[in-house]
Amino acid sequence: MSSRITLMSQACASHWSYNLGPKLYTVSFYSDAEKNLMYCHVPKAGCTFWGRIFSFLTRPGDMSQMKIGSPFDIDRVKLHNGPLRPAGQPEWNLAKNEIRENTVKFFFVRDPYARLWSVYLDKYYLPDFWNRLEISRNLCLLNITFPEFLAFAVTSSDGHMFPAAVVCNPCEFRPQYIGKVETFFRDSKFILDKGRMGSLLDNYSFTNYTELELKSIISNYFWYYTEFKLSQCFTEKDLCRRMWRVFQSNGHIRSTLGFPENLPVYNEETFLDHVLQTVRSQGMSRAEASKQRRQYLVDAYKNVSRAHILAIKERFKPDFEMFDYDKHPPA
């Protein structure tokens, strides 16, 4: 943590303070005045995890009413699209008025190449952003490739494709801690311990996390399928096939296991049951999952043109420099 803050401070003392400007582009700040914590939200850098934490802390009445005993019992749809959004402010000019002398400020960053790959998988390969009009006026973005996504992403005004240093300008936000997705659990535990809330992670393990993510993602995308009437685009079986591939890319299901072609029906319950049975009977260790994730990431960038790589290097230059990430694509 100390070396990260030192690197950030050195960058802010040089040209980055001027180049980034005073504005923070984040969609929200989460804060808990009682715990003296403030979190700047960087999309695709652990924000669902921290959204659950802050929702649990700042909405005790809702937690009691819904009988939610852990942050990780909070439904992803209710968190992002419903009544359980955590308390906070939508912009910096409002959020900074809540800062006190003892407020601990932090945010999380992620390797830009991995973050872009994650945005593609979760938002465009899976039908999260299909109802948006940034790429096409056609709801059914069935065949968009990763290179096609990158051509759009490097000029997009969406915060999911902004550098973390632009979303949460550290020269203005001045965090005490910078967490990294690459060391996510360790960093999260460290920050929560500082706020005397480390006990929230007492029952949180790699296995629990994996099953939580699988349940949450499957529920989330079946909700999207119904909410946005995606039956006009593909079948529920096709949706399950896409989720299966994403689970493999994310290191949840072994790459050698083929998609289950003969389930009696393809709905949320039957698909979730099959996925959980697969993970429990043929699961991977943390090291195996990490190695498989890395291989999918490397393979994804093999087909990306030099022009797109140069565009990524230029757009995410502040992240590469301020947070010590390798500017070369994964290989």
Of the peptides 184-194, 246-256, 49-59, 95-105, how do they stack up when ordered by the mean number of other Cβ atoms within 10 Å, highest first?
49-59, 246-256, 184-194, 95-105
Determine the equivalent ellipsoid of region 217-331 by diagonalising the alpha-carbon gyration tensor, then write out the semi-axes as square roots of 5 times the eigenvalues, largest first, rounded to whole Å.
32, 19, 13
Longest to shortest principal axis, alpha-carbon extents of region 1-148, angstrom
51, 50, 26
From the convex hull of the Cα coordinates of the chain, what is the mean projected area in square nanometres?
17.3 nm²
Give the aspartates and glutamates reachable from K317 as a straight Cα distance under 16 Å; neighbours fewer than 8 places away on the same chain don't count.
D111, D326
Among beta bridges that DSSP assigns inside the chain, antiparallel share in %, nearest 5
45 percent
Counting only helical runs of four or more DSSP H residues, what would the 222 nm mean residue ellipticity of the chain come to if each run contributes -39,500 (n - 2.57) and the total is spread over all its residues?
-14000 deg cm²/dmol
For region 239-299, build the convex hull from the C-alpha positions and give me its volume per residue in Å³.
79 Å³
Which log10 I(q)/I(0) values, to two decimals, does region 73-202 give at q = 0.22 Å⁻¹ under the Debye formula with one point per Cα?
-1.44
Can you tell me the accessible area per residue over the chain, all protein chains present, probe 1.4 angstrom, in square angstrom?
48 Å²
Under 22 Å from the Cα of K237, which lysines turn up, not counting those fewer than eight places away in the same chain?
K123, K215, K229
Portion, in percent, of the accessible area of the chain that falls on carbon or sulfur, probe 1.4 Å
48 percent
Among 151-159, 38-46, how do they line up from the highest to the lowest mean number of other beta-carbon atoms within 10 Å?
38-46, 151-159
The distance between the Cα centres of region 106-142 and region 240-292, in whole Å, is 21 Å
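The values are calculated or read from the model by the stated rules, or taken from the named source; none is laboratory data. What you are looking at is a predicted structure, and each value in this text was computed from that prediction instead of being measured. Here the Cβ is made from the backbone with ideal geometry for all residues, glycine too, and neighbour counts use every protein chain on show. The accessibility values were calculated without ligands, DNA or RNA, using every heavy atom of the protein model including side chains. Shrake-Rupley method; radii C 1.70, N 1.55, O 1.52, S 1.80 Å.
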